[in-house]
Structure formats: C-alpha cells, structure tokens
Amino acid sequence: IYGVAVDQKFSRTLFGGLALSRRDLDVPISFLDTSVGASRIVHKDWREYLARPYLFWTPHHWVALSAEYQYERFERTADDLNFGIQDTTVRKIPLGLRFFHPSGLILGVKTTQINQVGDFQPKGGTCCQHGESSFWLTDLALSYRLPNRYGFFSVGATNVTDRKFQYQE
C-alpha cells in the first residue's frame, strides 16, 4: 500500500485536503477444480487506485457545506475469478449540507453524482462485458446530539428518490 495525504486550513471557515493511495494486492482465491476433483488456490495480482480531494466550508457556526471528488480505479485479471469486475473506474461527486441547531438537532442532506465505467461479469454470465452507469443519489439524516457530547441519536434515509441504477460494488 502506498499513500499520501494532506489537510489544509485555508481560513477560519474553509478547510480542504487531498488523499491519494495505491494498493498492489496478491489475492489468494480458493476454488474447486473439477478437472482434478480437489480444492486449489491461485494467486491473482490486482491493483486499486484511489484519489479524494475535498473542501469543507462553515459560512456560519450553524451551517457546514462539503464538496468532494472521489476517484476509484480497479484493475483485475480477465477471468472468472475476479469477483465480477475486471477493470472499472468510478467517479463520485458528493455535495453535502448540514445544519446544526444549538438545541442539539442536526439536519443533513447529501446528493452524490456517480459515474461508473468498466468491464463487468453479468449474473450467470461469463466475464466480461463493457458497462456504464451514471446517476444521482440523495440521502437525508436527522440527528440529536446528547448533552455533554455523550453521543447521538440518528435516523436517516438513503436514496430517498428511490432511484433505480446499475452499480457494481
């Protein structure tokens, strides 16, 4: 694993940063080899690249805004032992707004644009077919901060618009 990150305070109300990482994986996979009638282990070389620049702004002590860009790239071998993904690139842009009331009540909304392009294995199919998906998701959360910062009670809903999409995780 290789990684580097930096966080910066630009002003009293504006913060930002950047995180970059790369993982070179040697993945052992056990499977039943029907040709010899026994279990076998093979090792696969996979790579993952991640990047995340972000900004957080608090224009008022009751309000916090966030903007991020998340980049993920996965490279795997082209065979049936890649767990459904050969090569894929995912780009996400989460935008958030949180409201903090002095009573302890917190209201949050986050909308995320997601774009995924890659070569995937369809259910019951052989690897791999090119696919692409682009969509927006919206999440809501309501929380109450307990006195003396002893914790939170929270309730939330993800994908509140009930958006249908194809996404390989």
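The values are calculated or read from the model by the stated rules, or taken from the named source; none is laboratory data. For clarity, every value in this text was computed on a predicted model and none was experimentally measured. Counting neighbours? That spans all protein chains shown, and the Cβs are built from the backbone with ideal geometry, glycine included. Quick note on the areas: whole protein, heavy atoms, side chains included, nothing else; ligands and nucleic acids left out. Shrake-Rupley method; radii C 1.70, N 1.55, O 1.52, S 1.80 Å.
Here is a yes/no grid of residues against (1) within 25 Å of residue 20 (Cα to Cα); (2) modelled with pLDDT of 90 or more:
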position: 83; (1), (2): yes, no
position: 95; (1), (2): yes, yes
position: 109; (1), (2): no, yes
position: 151; (1), (2): no, yes
* What pairs come up if the first residue lies in region 141-165 and is loosely packed, with under 10 Cβ neighbours inside 10 Å, the second is in a loop (DSSP other than H, G, I, E, B), and their beta carbons are under 8 Å apart, counting only those six or more places apart or on different chains? -> 147/104
* Would region 48-55 turn up any residue that is of a type in the set (D, E, K, R) and open to solvent by 70 Å² or more (accessible area, probe 1.4 Å)? -> yes
* Being among the aromatic types (Phe, Trp, Tyr) and touching a Leu at 6+ places or on another chain (Cβ under 6 Å) is the filter here, so list the residues in region 1-55 that pass it. => 46
* **Single unsatisfied condition, residue 129 versus (1) farther than 23 Å from residue 95 by Cβ; (2) surrounded by 14 or more Cβ atoms within 10 Å (Cβ to Cβ); (3) at pLDDT below 90** => (2)
* **Selection within region 30-59 - at pLDDT 95 or above and either over 14 Å from the mean Cα position of the chain (by Cα) or β-branched (Val, Ile, Thr) (or both)** => 55, 56, 57, 58, 59
